[in-house]
1. Quick test of your reading of the structure: Asp146 fulfils all but one of (1) free of Cβ contacts under 8 Å to residues at least 12 places away in the same chain; (2) closer than 30 Å to Ala238 by Cα. Name the failing condition by number.
2. Scan region 69-80 and give yes if some residue there is under 19 Å from Asn267 (Cα atoms) and basic (Lys, Arg), otherwise no.
3. So how many residues does region 208-222 have that are without any contact (Cβ under 8 Å) to a residue 24 or more places away in the chain and open to solvent by less than 40 Å² (accessible area, probe 1.4 Å)?
4. Working carefully through the options Ala244, Ala233, Ala289, find the one that is open to solvent by 40 Å² or more (accessible area, probe 1.4 Å) and farther than 21 Å from Glu34 by Cβ.
5. Can you tell me which of Val23, Val53, Val19 is modelled with pLDDT of 95 or more, under 20 Å from the mean Cα position of the chain (by Cα) and closer than 19 Å to Leu242 by Cα?
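The values are calculated or read from the model by the stated rules, or taken from the named source; none is laboratory data. Keep in mind that what you see is a predicted model, and the values were worked out from it rather than measured. Here Cβ is always computed from backbone atoms with ideal geometry, including for glycine, and neighbour counts include all displayed protein chains. Areas reflect the complete protein model, heavy atoms only, side chains present, ligands, DNA and RNA absent. Shrake-Rupley method; radii C 1.70, N 1.55, O 1.52, S 1.80 Å.
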Amino acid sequence: MARVALVTYDPRSQASKDVDLPVLVEALRAAGAEADGVFWDDADVDWASYDLVVIRSTWDYSWRADEFTAWAQKVAAVTRLANPAAVVRWNADKRYLGELAAAGVPTVPTRYFAPGEPAELPAGGEYVIKPASGAGARYAARYTPDAHETAVRHLARLHAEGLTAMVQPYVRAIDTGGERALQFFGGRLLHASRKRAVLAPGTAFDAEKVAHPGLEPWTPSPAELAVAESALAALPGAPELLYARVDLVDGDDGRPQVMELELVEPNLFLFLHPESTPKVVTAILAAAAR
């Protein structure tokens with residue numbers, strides 16, 4: 001009987017935002033596995049007692065990235081971790097977008113400014129500032145050129161907290177075509193979804209945002225699937241992935257490009273695609289048996 005840990009965050013006094021977790025735990029148990037939902041920062045968990053540890057919804061990790069990557073390395077030393085610790089470390093810093101672009105993968109143009117580095121903001125057009133380590137639009141905001149002073153204060157706040165800032169042009173097609181998320185599990189396309197724009201003009205960077213507004217099922221085009229597969233093929237070291245989510249938007253030329261590559265703790269949106277749950281269970285059990 002396989003023992004599987006599905007790793008999440010501690011919501012403290014709040015309800016967990018991962019509505020898929022109890023469904024997946026129950027489905028794994030129904031398939032004959034011993035499955036537990038556990039907090040990644042619970043010091044009492046015996047990680048070595050599990051055949052497979054699957055990072056599922058550690059949605060507070062970006063606030064504690066160094067601690068989290070150290071945890072992943074520790075777990076990987078005693079059991080099988082999905083995704084691998086090296087992938088977690090690489091994907092936890094969104095400077096990976098530069099590596100994908102250098103490998104020829106269509107990506108949203110991005111510049112990075114680490115603390116202490118002078119930052120040059122765009123002189124024209126809308127743009128976005130966000131941290132290179134973040135999730136759920138945390139500390140992200142959309143600016144027009146006349147909001148320059150506010151954008152400068154945003155950069156200063158990121159740098160004061162030791163965060164590298166990303167500056168990207170605002171991709172206008174998000175307002176009409178949305179952002180598409182292609183989910184892969186066990187090396188195959190699982191399903192896809194589309195959400196509407198997250199960042200509204202004038203919303204403060206430190207305001208809470210709805211991470212997945214207007215979420216709906218989506219059928220990816222051949223062009224979208226090709227870009228997603230090219231991004232996964234460009235990963236350094238060709239690691240074995242249990243899961244991946246590739247977020248795509250349309251560039252000014254109408255062609256899809258990578259907005260983000262989620263290899264750490266992507267929301268699977270199983271509540272939107274319940275038919276995918278058995279496929280996820282099958283892939284997890286196969287990984288646990290290796």
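1. (2)
2. no
3. 1
4. Working: Ala244 fails: open to solvent by 40 Å² or more (accessible area, probe 1.4 Å); Ala289 fails: farther than 21 Å from Glu34 by Cβ.
Going through Ala244, Ala233, Ala289 in turn, just one is open to solvent by 40 Å² or more (accessible area, probe 1.4 Å) and farther than 21 Å from Glu34 by Cβ: Ala233.
5. On the way: Val23 fails: under 20 Å from the mean Cα position of the chain (by Cα); Val19 fails: closer than 19 Å to Leu242 by Cα.
Of the residues listed, the single one that is modelled with pLDDT of 95 or more, under 20 Å from the mean Cα position of the chain (by Cα) and closer than 19 Å to Leu242 by Cα is Val53.
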